[in-house]
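What follows is a short report on a single structure.
The values are calculated or read from the model by the stated rules, or taken from the named source; none is laboratory data. Note that this is a predicted model, so its numbers are computed, not measured. Note that each Cβ is placed from the backbone with ideal geometry, even for glycine, and that neighbours are counted across all protein chains shown.
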Amino acid sequence: MAVIEAEHLSKRFGKKVLAVDDVSFSIQPGTITGFLGPNGAGKTTTLRMIVDLVRPTGGSVRVLGGRYRDLARPTTRVGALLDASGFHPGRSGANALRVVAASAGISYDRVDAALEMVELEGAARRAVKGYSTGMKQRLALAAALLGDPEVLLLDEPANGLDPEGIRWLRTFLRARAAEGRTVLVSSHVLAEVEQTVDDILIISKARLLAQGPISELTRTAQPVVRVRSPQAEKLEGLLIARGAAVNRLHDALAIRGPGSAEVGEVALAGGVVLHELLTEQPSLEDLFLQIAGTRREP
């Protein structure tokens, strides 16, 4: 049975803003699913509908077989990190978690255990106002873990984490999945989750564009020709004129459409110097750009 299942889920705010448009997906137990898309794509609204913080305009979403509001002691079944700024700045980290535990009917014994899990036990007595952004993210994650839940919903949990913290988060999430728990983690920074997730959901402009195992989706995606040139801007224009999709960053181009031989011929005909030309299997970011049809400006 799917742990989370959405059917034709939609949410409209007022008459003009369609935040989520007819989204359907299912998430299997014991997996880490990356919920991927740019800022404003509808990820946060979808996560909030799962835990009944936002009421759908249409469709439905079930978690652990029913509506979140109907679960007995839901915070012990589903842990959610949706906002890391909700703690009183004057309270210590431990005291802030005790407030959360008391409101959810969770034993205070879980506070120390949760702080240890996120490696914040050394800062437990410090006021939250003295925490860095990354520490506040870890504290919010500790709050989600208080009930020892079998499902974790995490909205941009890597925000504010340094590279070491991001590596720690990857290891932490994999350990939760190894225990049989299910994780749904949203992110707009695709490279951060590529090495972590099993499955992906790709959303853009409120609509779900793709879902499935990351290995299968990247394997069937169109190969990418990568070029490095001191005349990258000129080559980009020549390729776009021939109908290629081009993503540029400084002197490097990622090209979808023509093969490496055709790119080399275009460069030669245009008098463009190439320092590097190769074909690669697409990364998760390349896959997203292909599916979403997004061209990133330099």
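Does the range 53-84 hold any residues that are acidic (Asp, Glu) and more than 20 Å from the chain's Cα centre (by Cα), and which are they? I'd like the intermediate steps shown before the answer.
Narrowing the range 53-84 to residues acidic (Asp, Glu): 70, 83.
Correct list: Asp70 only.
The C-beta contact set for the range 1-24 (first residue under 17 Å from Asp52 (Cβ atoms), second residue part of a loop (DSSP other than H, G, I, E, B) and hydroxyl-bearing (Ser, Thr, Tyr), distance under 6 angstrom, 6+ apart or interchain) comprises Ser10/Thr57; Lys11/Thr57. For the range 140-192, the set of residues classified as at pLDDT 90 or above, in a loop (DSSP other than H, G, I, E, B) and not acidic (Asp, Glu) consists of Leu146, Gly147, Pro149, Pro157, Gly180, Arg181, listed by residue number. Tell me, please, whether a residue that is assigned to a helix (DSSP H, G or I), out of contact with any Phe, Trp or Tyr (no Cβ under 9 Å at 6 or more places or on another chain) and buried (at least 18 other Cβ atoms within 10 Å of the Cβ) can be found in the range 102-111. Yes, because at least one residue in the range 102-111 is assigned to a helix (DSSP H, G or I), out of contact with any Phe, Trp or Tyr (no Cβ under 9 Å at 6 or more places or on another chain) and buried (at least 18 other Cβ atoms within 10 Å of the Cβ). List pairs: first residue in the range 273-285 and closer than 17 Å to Gly257 by Cβ and free of Cβ contacts under 8 Å to residues at least 60 places away in the same chain, second residue basic (Lys, Arg) and assigned to a strand (DSSP E or B) anywhere in the structure, Cβ distance under 9 angstrom, at least six positions apart or on different chains. Listed pairs, sorted by first residue: Leu277/Arg226; Leu277/Arg228; Leu278/Arg226; Thr279/Arg226; Glu280/Arg226.
Just need a number here: residues in the range 179-199 that are in contact (Cβ under 8 Å) with a residue 60 or more places away in the chain, of a type in the set (A, V, I, L, M, F, W, C) and surrounded by fewer than 22 Cβ atoms within 10 Å (Cβ to Cβ). Don't jump to the end; show me each part of the working.
Just the residues of the range 179-199 that are in contact (Cβ under 8 Å) with a residue 60 or more places away in the chain, to begin with: 180-188, 190-191, 193-194, 196-199.
Of the ones still in play, those that are also of a type in the set (A, V, I, L, M, F, W, C) are 183-185, 190-191, 193, 197.
Checking which are surrounded by fewer than 22 Cβ atoms within 10 Å (Cβ to Cβ) leaves us with 190-191.
So the answer is 2.
Looking only at the range 205-224, residues that are surrounded by 13 or more Cβ atoms within 10 Å (Cβ to Cβ) and either over 23 Å from Gly37 (Cα atoms) or among the basic types (Lys, Arg) (or both) come to 2 in all. Looking at the range 86-120, which of its residues are of a type in the set (Gly, Ala, Ser) and touching a Lys or Arg at 6+ places or on another chain (Cβ under 8 Å)? Of everything in the range 86-120, those that are of a type in the set (Gly, Ala, Ser) and touching a Lys or Arg at 6+ places or on another chain (Cβ under 8 Å) turn out to be Gly90, Ser92, Gly93, Ala94, Ala101, Ala104, Gly105.
Looking for whichever is within 27 Å of Arg167 (Cα to Cα), crowded, with 21+ Cβ neighbours inside 10 Å, small (Gly, Ala, Ser) and over 23 Å from the mean Cα position of the chain (by Cα) here; the options are Gly122, Gly42, Gly93, Gly34. Which one fits?
That would be Gly93, the only listed residue that is within 27 Å of Arg167 (Cα to Cα), crowded, with 21+ Cβ neighbours inside 10 Å, small (Gly, Ala, Ser) and over 23 Å from the mean Cα position of the chain (by Cα).
When the residues of the range 260-295 are filtered to those that are exposed (fewer than 13 other Cβ atoms within 10 Å of the Cβ) and closer than 29 Å to Gly37 by Cβ, the one that is modelled with the highest pLDDT is Leu278. On the stretch given as the range 23-51, residues that are in a helix (DSSP H, G or I) and either among the small types (Gly, Ala, Ser) or under 21 Å from Asp70 (Cα atoms) (or both) total 6.
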